[in-house]
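Single-structure report; data block below.
A short reminder: the numbers here are calculations on the coordinates, not readings from a lab. These numbers were taken from a predicted model, which means no experiment stands behind them. FYI the Cβ positions are ideal-geometry reconstructions off the backbone, even for glycines, and counts take in every protein chain you see.
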Amino acid sequence: MAQNGLTPVTRVRHGHRFWRRFTSFDFARGMTECPVVEAEILHAASSLPITFRKSEHGYYPVAVLSMQQDQPTPLVSEHGRWLATYVPSALRCAPFQTQLIGPQNDSDTELLVDETSGLITDDPEDEVFFDKTGKLAPELKKVWAFFRTLNKSVGNTTLLCRVLADMGLFHPLASYQGVEFPCGHFGVDQNALRKIPSAHMSLLASNKGLRLIHAHQISLTHCVWLTQAQIRAHQVTGGSPTPTTSGVSGFLDALVTAQQKENTMDHCWQEGHHALL
């Protein structure tokens, strides 16, 4: 079995088992961030701070869900409801994930399922993994189609961030408007951006690099209200890292009412590729 309960989906292991769609975002409560891709960057930046992290593969954008590493996100209510106005694509796939087992193409990617999620069952009323011919069942094919689109966008985003890095645009992001970020976040250096040659600026305009940069810069204003929500959650729970209470949910409900456009649990794998366009 893979780490954290993830194991490859196979006919031998899952041919006689079933799965159900998630109905709660409790699994995201302890997350401080999640990766996002360029294709969704405008939607994500409309409601969440977007920064960059660095791995051995280079820089990549993340949506910040918590401004403090030791506290749960205030974006999940006590009943598991997602309270932000946009759900990042990486959070729409539970209990499934994918991983590369070779070069970056579909044939070298395997589908994983979290067997500790409580969403894998022996109930015939739930969704089957495979049809009678041994192929992926129709609903699981939709999951796979979602991941194909998502993984392609991950690759495009990685290449785009590599261009920004080669231009020397990333720098450590310690704070914004008096709000401190946890260690390890990066932002785009506005002074460095002003100094790049016109040819580089033209390239960024044509390859969506400027769109990514501007979305990131504008999104940082969200760190203020996210911090306020975090403080309020900490006060309501008496300083203990317990689930966000209804008081904090009320603080964010206005955002949900104003901008929420979809019920993600009902549509997380139905035509999922459209959400990344």
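Values computed for the structure shown
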item	result
D_trans [Stokes-Einstein, Kirkwood Rh over alpha-carbon pairs] for the range 3-264, 10 °C, 1.306 mPa s, µm² s⁻¹	79
Sorted by Cβ neighbour density within 10 Å, fewest at the top, the residues THR85, THR73, THR10	THR10, THR85, THR73
Cut-off under 5 Å, modelled amide H: who pairs with PHE130 long-range	ALA137
Size of charge dipole - the range 3-264 - debye, nearest 20, with Cβ of Lys, Arg +1 and Asp, Glu -1, no other charges	620
For the range 3-264, with +1 on Lys and Arg beta carbons and -1 on Asp and Glu, the positive-most of HIS216, LEU204, SER55 along the dipole	LEU204
Environment charge at HIS200 (Cβ cut-off 13 Å; Lys +1, Arg +1, Asp -1, Glu -1)	+1
Under the Karplus curve 6.51 cos²θ - 1.76 cosθ + 1.60, θ = phi - 60°, whole-Hz ³J(HN,Hα) for the range 57-72, x wherever Gly or Pro sits	8, x, 7, 8, x, 9, 8, 7, 9, 8, 8, 10, 4, 9, 10, x
Approximate spin-label separation LEU210-ASP123, in nm, with each point projected 7 Å along Cα-to-Cβ	5.2
For the range 192-233 and the range 1-49, distance of Cα centres in Å	26
Sorted largest first, extent of the range 111-218 alpha carbons per principal axis (Å)	61, 34, 20
Lys pairs, the range 3-264 - Cα-Cα below 25 angstrom, 8 or more residues apart or on other chains	14
